[in-house]
Amino acid sequence: MDERKLITQAQAGDFTAFQSLVEPHQKRLFALAKRMTGNEQDAQDIVQDTLLKAIDKLETFRAESSFGTWLYSIVLNAGRLHIVHQKRQNMTPIEDLLDGATHQHDSHHLREWRDPHSVMEASEIRRFISEAVDELPAEYSVPFVLRYEDELSIKEIADLLKLSEAATKSRVLRARLFLREKLDSILKIEDSSEKVR
Amino acid sequence: MKKCADYLQELSDYLDGQLDPQLCAEIEKHVGECTNCKLMFDSLKMTVKLCRESGQCEELPAEFAQRLNQAVKDHWIRKFGKA
Ligand SMILES: [Zn+2]
C-alpha cells in the first residue's frame, strides 16, 4: 500500500498502519543507533524512544520527507546525546593517497586489485567490511552508511546531520578512502619486481 | 594545473553520479591518461560496491523485538485508546 495512505490511516489511529510504516525500517534504525553509540543497550533504548516519539509526533509528520527519513531524524537526534567519542583513527592525509608516483617512499603506490571474491567468501567480505566501518569514528561512519547502505542523497544526509553538503561529501569521501585503504591491504596485487630489489 | 589529489572529491562525486557533465568529461579524460587515478577510481568504485553488498543488517534480538512491540503498543493505546 502506498505510504501516504498508511500515514493518513495511522494518524487517524490505525495501529496496524503504523506497524506497516515502521516495520521495514526497524533493523536499519537499530543498526544506525548501534553505530552511533557503539553499544547494544543504548541502541535499544534509542530505538524504543524513537518509536514512542514517532507516535507522539505523528500528526506533525508532513510528507516532505519519506517516513523512513523522518524516523532517521528522530534516531539521530536521540543518538546525538549518546555519541561515543571514539579515538580518531590514523588516517593517511588525502594528499598522500594520490600523486603516489612523486613519493620517495612507495608505501602509497596504488596497485591493481584482485577480484575480492577470489580472495574471500562473501560472508568474510561482509565481516571484514563491517569491522572496518566499526573502526571509523561515528562522524564519518554515520554519513557513509546513510549514503551507501540506506541510499540517502547527500542533501538528505546533510539535512539530517545538520551539516553543509560540502562537509557531508567530504566525510563520506573520507570514510570511503579509509575503507579503500583497508581493502587495499588484502586485495592489492603485489608487484613482484619490487620484491626482488 | 590540477594535481591528482585535486581530482579525489570529483572522482567520488563522479562515481555517485553527482557531477555536472562538463566536469565528468574532464575526469574521464584524466582517468584515461593517469594510471594512478585510474587505480584509485577502480578501487573506490569496488569499495562502495562491496559495502553495498554487505549492507544488510542483522535482525533485532528476539527478546528486544518483543519488548519493543509491547512498549509501542502500550504507548499507542495511551494515545489513541485502542490498538
Ligand atoms: Zn591523476
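Give region B:1-60 a look and list any residue that's polar (S, T, N, Q) and within 30 Å of A:GLN44 (Cβ to Cβ), or say none.
Of everything in region B:1-60, those that are polar (S, T, N, Q) and within 30 Å of A:GLN44 (Cβ to Cβ) turn out to be B:SER54, B:GLN56.
Starting from region A:3-17, take each residue that is free of Cβ contacts under 8 Å to residues at least 12 places away in the same chain and list its partners that are assigned to a loop (DSSP other than H, G, I, E, B), counting only C-beta distances under 6 angstrom and pairs at least six apart or across chains.
From residues that are free of Cβ contacts under 8 Å to residues at least 12 places away in the same chain, the pairs are A:PHE15/B:ALA83.
Counting just the residues of region B:58-83 that are over 25 Å from A:LYS57 (Cβ atoms) and open to solvent by 70 Å² or more (accessible area, probe 1.4 Å), which one comes out nearest to the ligand (Cβ to nearest atom)?
B:GLU58
Of the conditions (1) open to solvent by less than 80 Å² (accessible area, probe 1.4 Å); (2) at pLDDT 85 or above; (3) more than 12 Å from the ligand (Cβ to nearest atom), B:GLY55 fails just one. Which one is it?
It is condition (2) that B:GLY55 fails.
Take region B:42-52 and flag every residue that is away from the ligand (no atom under 15 Å from the Cβ) and of a type in the set (S, T, N, Q).
Matches in region B:42-52: B:THR47 only.
So how many residues does region B:20-41 have that are closer than 13 Å to A:LEU110 by Cβ and either away from the ligand (no atom under 13 Å from the Cβ) or among the polar types (S, T, N, Q) (or both)?
Residues of region B:20-41 closer than 13 Å to A:LEU110 by Cβ: B:31, B:34-41.
Checking the rest, the ones that are also either away from the ligand (no atom under 13 Å from the Cβ) or among the polar types (S, T, N, Q) (or both) come to B:35-36.
Number satisfying all stated conditions: 2.
Considering only region B:32-57, how many residues are facing another protein chain (nearest Cβ under 7 Å) and not in a helix (DSSP H, G or I)?
Residues flagged as facing another protein chain (nearest Cβ under 7 Å) and not in a helix (DSSP H, G or I) within region B:32-57 amount to 3.
Can you find, within region A:46-65, the residue that is surrounded by the most Cβ atoms within 10 Å (Cβ to Cβ) among those that are more than 21 Å from B:ALA65 (Cα to Cα) and modelled with pLDDT of 90 or more?
Filtering first and then ranking leaves A:LEU58.
Among what's in region B:1-31 and is over 23 Å from the mean Cα position of the chain (by Cα) and modelled with pLDDT of 85 or more, pick the residue that is nearest to the other protein chains (Cβ to nearest Cβ).
If we take residues in region B:1-31 being over 23 Å from the mean Cα position of the chain (by Cα) and modelled with pLDDT of 85 or more, then B:CYS4 is nearest to the other protein chains (Cβ to nearest Cβ).
Do any helices (runs of 4 or more DSSP H) lying entirely in region A:106-174 carry at least 3 residues that are among the β-branched types (Val, Ile, Thr) and within 12 Å of chain B (Cβ to nearest Cβ), and which ones are they?
Values: elements: A:116-119, A:122-135, A:138-148, A:154-161.
Passing ranges, in order: A:122-135.
The values are calculated or read from the model by the stated rules, or taken from the named source; none is laboratory data. Owing to the predicted nature of the structure, the values given are computational and were not obtained by experimental measurement. Note that we place each Cβ from the backbone using ideal geometry, even for glycine, and neighbour counts take in every protein chain shown. Note: areas computed on protein heavy atoms with side chains; ligands, DNA, RNA excluded. Shrake-Rupley method; radii C 1.70, N 1.55, O 1.52, S 1.80 Å.
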